[in-house]
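J.: This is the structure, below, for whatever I ask next.
The values are calculated or read from the model by the stated rules, or taken from the named source; none is laboratory data. Here the structure is a predicted model, which means the values were calculated and not measured. Positions of Cβ are backbone-derived with ideal geometry, glycine not excepted, and every protein chain shown enters the neighbour counts.
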Ligand code: ADP
Ligand code: ZN
């Protein structure tokens, strides 16, 4: 195929109007043209499609593109056709006649690319169907969907393992924007392409500032945030559909341009909202994770996670929707223990088998580590994708405001002794009420106001205690029983601290507004 070596670049220019390939694209294309199996890990917006579209044009036969996103197929195919490329799709949204027509064209060799969802492919005899075509390449988009180690497992994807079994000579290109090392290995195993050449692009998006903030008074924090960046487009991700509606309404009541979006909305509503957002007619989308796949909007300036995501892959993909234009952008994550508990409950009740649950818990733990980090957050994020990081990023809240440590031994003793004296039965709010000496109903009923520890911590505000207690949990000097009303429990370290055998350092509390101010000065 040496005589074709110049072709890819010419085709790039001719059909897409670009003068050069992005890093790795040319090499990926060459490997595919040589008939190698390839695994491509490239962030969203990195330019994955070109990697199989150019080989599709060079090869004589047809390239089959497997994609789970029926809604996007149409757009992709329209864009290709507009660039003078013979592409089509078959999916269940088409009538039988339409489908037959497309398949006929594919059989006659009139097409270069055929997009198809796994459901449609396996709806009938896939082997028979594929054998009736002259196929040069299988491109498997969103290939992490094949792995139950990934975060978006789709059982139909599993059946794609048959491709290599039946068509061992036809190269496979697996593409994804979101797979850690374990998932990547699993993708190759499931697809039977263990010897695939792996390409892992850098995931660094240095223009996105990373911030984590305690998940309290979120509406207030969001309002402050929006006032600091007026008029800029952004996405707020919430866990529940109901919450998206509520947050959007609250924002509208405060005079912001905001709409909600989730999988329960009608298709009409969804496409209308999406379009308005893309055209800057709506400033803010409050959405579940249903929003964003395939949305090409370059000037999203910020992404806020109202709730903690269940894993780093999903989180990274969602914040990656900010700042595609390379301009300074912001990813703000709200973090609370309530979210961790809810996520854990989801996993417990998910009906997954024990192994799978273990994976989900480990992934959640990594997400939690990111949120609790006292070191550069980008280091944590990138090391998750096995990327070497030479130095701190200078563009995350930890880098910008390195935590100042203080001796918190006495403070911790106060909290731990209150936990001990209530028989390890109280949760966060009551514990803080005792420490701060609030005489409310619960306190009086239980007689907590007569404890020697009552009001020993009234020099600190509620927020301060909440922050320090959270840090104590992170430091492992106290436990929490999720299955007992989230009550705090003492452990060995707690006892050592109470006895004065162990000291404890915690980061000095900084309020959100103080932190914002400090960041704005940089
Ligand atoms: P992904 O599938 O990785 O999310 P796309 O394939 O949709 O990304 O590409 C993202 C954008 O980058 C598209 O607008 C695409 O046209 C553009 N692009 C891809 N490759 C190049 C290139 N070599 N030069 C300039 N733009 C490119
Ligand atoms: Zn940093």
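J.: Cβ-Cβ under 8 Å, sequence separation 6+ or interchain: first residue in the range 199-225 and free of Cβ contacts under 8 Å to residues at least 60 places away in the same chain, partner assigned to a helix (DSSP H, G or I) and within 16 Å of ligand 2 (Cβ to nearest atom). Which pairs?
T.: Partner pairs satisfying both residue conditions: none exist.
J.: Of all residues in the range 67-99, how many are more than 17 Å from residue 292 (Cα to Cα), away from ligand 1 (no atom under 14 Å from the Cβ) and touching a residue at least 40 places away in the same chain (Cβ under 8 Å)?
T.: 1
Condition check ((1) away from ligand 2 (no atom under 16 Å from the Cβ); (2) at pLDDT 95 or above; (3) closer than 24 Å to residue 209 by Cα; (4) surrounded by 23 or more Cβ atoms within 10 Å (Cβ to Cβ)) across all residues:
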position: 257; (1), (2), (3), (4): yes, yes, yes, no
position: 261; (1), (2), (3), (4): yes, yes, no, yes
position: 288; (1), (2), (3), (4): yes, yes, yes, no
position: 301; (1), (2), (3), (4): yes, yes, yes, no
position: 305; (1), (2), (3), (4): yes, yes, yes, yes
position: 309; (1), (2), (3), (4): yes, yes, yes, yes
position: 329; (1), (2), (3), (4): no, yes, yes, yes
position: 336; (1), (2), (3), (4): yes, no, yes, no
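J.: Right, next: Identify the single condition in (1) within 30 Å of residue 13 (Cβ to Cβ); (2) surrounded by 14 or more Cβ atoms within 10 Å (Cβ to Cβ); (3) without any contact (Cβ under 8 Å) to a residue 40 or more places away in the chain that residue 126 does not satisfy, given that it satisfies every other one.
T.: If we test residue 126 against (1) within 30 Å of residue 13 (Cβ to Cβ); (2) surrounded by 14 or more Cβ atoms within 10 Å (Cβ to Cβ); (3) without any contact (Cβ under 8 Å) to a residue 40 or more places away in the chain, just (1) comes out false.
J.: Turning to a different aspect of this structure: Just to check your reading of the model, which residue among 356, 374, 369 is within 16 Å of ligand 2 (Cβ to nearest atom), surrounded by fewer than 20 Cβ atoms within 10 Å (Cβ to Cβ), on the phi < 0 side of the Ramachandran plot and in contact (Cβ under 8 Å) with a residue 12 or more places away in the chain?
T.: Working: 356 fails: within 16 Å of ligand 2 (Cβ to nearest atom); 369 fails: in contact (Cβ under 8 Å) with a residue 12 or more places away in the chain.
Checking each option against the conditions leaves just 374.
J.: Mind telling me which of the residues 163, 191 ends up being farther than 21 Å from residue 27 by Cβ and more than 22 Å from the chain's Cα centre (by Cα)?
T.: Values: 191 fails: farther than 21 Å from residue 27 by Cβ.
Result of the check over 163, 191: 163.
J.: Let me ask something else about it. Which residue out of 395, 429, 440 is closer than 30 Å to residue 42 by Cβ and either away from ligand 2 (no atom under 16 Å from the Cβ) or buried (at least 16 other Cβ atoms within 10 Å of the Cβ) (or both)?
T.: Numbers: 429 fails: closer than 30 Å to residue 42 by Cβ; 440 fails: closer than 30 Å to residue 42 by Cβ.
Result: 395 is the single residue among 395, 429, 440 that is closer than 30 Å to residue 42 by Cβ and either away from ligand 2 (no atom under 16 Å from the Cβ) or buried (at least 16 other Cβ atoms within 10 Å of the Cβ) (or both).
J.: What residue, of 64, 85, is closer than 28 Å to residue 31 by Cβ, surrounded by 13 or more Cβ atoms within 10 Å (Cβ to Cβ), at pLDDT 95 or above and touching a helix residue (DSSP H, G or I) at 6+ places or on another chain (Cβ under 7 Å)? Give the steps one after another, and end with the answer.
T.: Details: 64 fails: touching a helix residue (DSSP H, G or I) at 6+ places or on another chain (Cβ under 7 Å).
None of the others qualify; the one that does is 85.
J.: Could we say that residue 296 is on the phi > 0 side of the Ramachandran plot and surrounded by fewer than 19 Cβ atoms within 10 Å (Cβ to Cβ) here?
T.: Working: on the phi > 0 side of the Ramachandran plot: no; surrounded by fewer than 19 Cβ atoms within 10 Å (Cβ to Cβ): yes.
It is false that residue 296 is on the phi > 0 side of the Ramachandran plot and surrounded by fewer than 19 Cβ atoms within 10 Å (Cβ to Cβ).
J.: Quick test of your reading of the structure: residue 360 fulfils all but one of (1) under 27 Å from residue 151 (Cα atoms); (2) in a loop (DSSP other than H, G, I, E, B); (3) in contact with a helix residue (DSSP H, G or I) (Cβ under 6 Å, 6 or more places away or on another chain). Name the failing condition by number.
T.: (2)
J.: Could you list, in sequence order, all residues of the range 28-59 that are modelled with pLDDT under 95 and more than 11 Å from ligand 1 (Cβ to nearest atom)?
T.: none
J.: Against the condition without any contact (Cβ under 8 Å) to a residue 12 or more places away in the chain and either more than 29 Å from residue 470 (Cβ to Cβ) or away from ligand 2 (no atom under 16 Å from the Cβ) (or both), how does residue 249 come out, does it pass?
T.: Details: without any contact (Cβ under 8 Å) to a residue 12 or more places away in the chain: yes; either more than 29 Å from residue 470 (Cβ to Cβ) or away from ligand 2 (no atom under 16 Å from the Cβ) (or both): yes.
Answer is yes for this residue.
J.: Also, quick follow-up: Just give me the residues in the range 206-228 being modelled with pLDDT of 90 or more and closer than 30 Å to residue 180 by Cα, in sequence order.
T.: Residues satisfying the conditions are 206, 207, 208, 209, 210, 211, 212, 213.
J.: Is there a residue in the range 259-271 that is assigned to a loop (DSSP other than H, G, I, E, B), within 21 Å of the chain's Cα centre (by Cα) and touching a residue at least 24 places away in the same chain (Cβ under 8 Å)? Write out each step before concluding.
T.: Of the range 259-271, the ones assigned to a loop (DSSP other than H, G, I, E, B) are 262-266.
From what's left, within 21 Å of the chain's Cα centre (by Cα): 262-264.
Going one step further and asking which of them are touching a residue at least 24 places away in the same chain (Cβ under 8 Å), we end up with 262-263.
Within the range 259-271 (the criterion being assigned to a loop (DSSP other than H, G, I, E, B), within 21 Å of the chain's Cα centre (by Cα) and touching a residue at least 24 places away in the same chain (Cβ under 8 Å)), the answer is yes, since at least one residue qualifies.
For every residue, the table says whether it meets (1) modelled with pLDDT of 95 or more; (2) surrounded by fewer than 20 Cβ atoms within 10 Å (Cβ to Cβ); (3) more than 26 Å from residue 514 (Cβ to Cβ).
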| residue | (1), (2), (3) |
| --- | --- |
| 155 | no, yes, yes |
| 159 | yes, yes, yes |
| 173 | yes, no, yes |
| 179 | no, no, yes |
| 182 | no, yes, yes |
| 185 | no, yes, yes |
| 204 | no, yes, yes |
| 230 | no, yes, no |
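J.: Evaluate the following for residue 351: is it more than 21 Å from residue 481 (Cα to Cα), within 16 Å of ligand 1 (Cβ to nearest atom) and in a loop (DSSP other than H, G, I, E, B)? Reasoning before the result, please.
T.: Working: more than 21 Å from residue 481 (Cα to Cα): yes; within 16 Å of ligand 1 (Cβ to nearest atom): no; in a loop (DSSP other than H, G, I, E, B): yes.
In short, no.
J.: Among the residues of the range 104-115, is there at least one that is surrounded by 16 or more Cβ atoms within 10 Å (Cβ to Cβ), within 30 Å of residue 311 (Cα to Cα) and modelled with pLDDT under 95? Talk me through it step by step, then tell me what you get.
T.: First, the residues of the range 104-115 that are surrounded by 16 or more Cβ atoms within 10 Å (Cβ to Cβ): 106, 111-115.
Add one more test, that the residue is within 30 Å of residue 311 (Cα to Cα), and what stays is 115.
Within this subset, residues satisfying the condition of being modelled with pLDDT under 95 are none.
No, that holds for no residue.
J.: Go through the range 165-183 and count every residue that is more than 16 Å from ligand 1 (Cβ to nearest atom), touching a residue at least 60 places away in the same chain (Cβ under 8 Å) and touching a strand residue (DSSP E or B) at 6+ places or on another chain (Cβ under 7 Å).
T.: Count: 2.
J.: Keeping to the range 292-312, report how many residues are away from ligand 1 (no atom under 14 Å from the Cβ) and touching a helix residue (DSSP H, G or I) at 6+ places or on another chain (Cβ under 8 Å).
T.: 11
J.: Right, something else. Filtering the range 396-413 down to residues that are out of contact with any helix residue (DSSP H, G or I) (no Cβ under 7 Å at 6 or more places or on another chain) and at pLDDT 90 or above, which residue is farthest from ligand 1 (Cβ to nearest atom)?
T.: Filtering the range 396-413 for residues out of contact with any helix residue (DSSP H, G or I) (no Cβ under 7 Å at 6 or more places or on another chain) gives 399, 402-407, 410.
Checking which are at pLDDT 90 or above leaves us with 399, 406-407, 410.
Values: 399: 28, 406: 45, 407: 49, 410: 52 Å.
Per the criteria, the residue is 410.
J.: Test of understanding: among 365, 463, 390, which residue is more than 16 Å from ligand 1 (Cβ to nearest atom) and outside any helix (DSSP H, G or I)?
T.: Values: 365 fails: outside any helix (DSSP H, G or I); 463 fails: outside any helix (DSSP H, G or I).
Criteria check complete, one pass: 390.
J.: Out of 313, 275, report the one residue that is crowded, with 22+ Cβ neighbours inside 10 Å, on the phi < 0 side of the Ramachandran plot and out of contact with any strand residue (DSSP E or B) (no Cβ under 8 Å at 6 or more places or on another chain).
T.: Numbers: 275 fails: crowded, with 22+ Cβ neighbours inside 10 Å.
None of the other options fit; the residue is 313.
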